[in-house]
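Comments concern the structure below.
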């Protein structure tokens, strides 16, 4: 199974483990066989088994702004600073139109409209810091 070399008081011993069953180990030291009985049985480490409940239904993606609602709110996906606003109150926009640019972690993120509508409120200004989830623009 395994070979070991031990140096004790400047003497070298070659140890070869032949077998290991429960608490008895068969080994060979410099060609001489020995049977060693351990005081305690060596506990074997078992790999844990992951148990999960079966999934009963398909998981649906979370909708941030469902299209059925009359008003939509554009929220900050991450904390950052508003670099520029591309819309103002009363503007009519289409889906995927650029609304504003948000700088986060030294990267510019373009925030676009998720649906068509009219801008009813702009709750941020250029240079303002926003937190994640903060409502920036409201659409109707």
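The values are calculated or read from the model by the stated rules, or taken from the named source; none is laboratory data. Everything numeric in this text was worked out from a predicted model, so none of it was measured. Cβ sites come from the backbone with ideal geometry, for glycine too, and all protein chains shown count toward neighbours.
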Name the single residue, out of those in the stretch 86-117 being exposed (fewer than 13 other Cβ atoms within 10 Å of the Cβ) and closer than 18 Å to residue 71 by Cβ, that is modelled with the lowest pLDDT.
-> 95
Quick check: anything in the stretch 58-77 at pLDDT 85 or above, part of a loop (DSSP other than H, G, I, E, B) and closer than 30 Å to residue 104 by Cβ?
-> yes
If you scan the stretch 1-35, which residues turn out to be surrounded by 13 or more Cβ atoms within 10 Å (Cβ to Cβ) and touching a strand residue (DSSP E or B) at 6+ places or on another chain (Cβ under 7 Å)?
-> 15, 16, 17, 18, 25, 26, 27, 28, 29
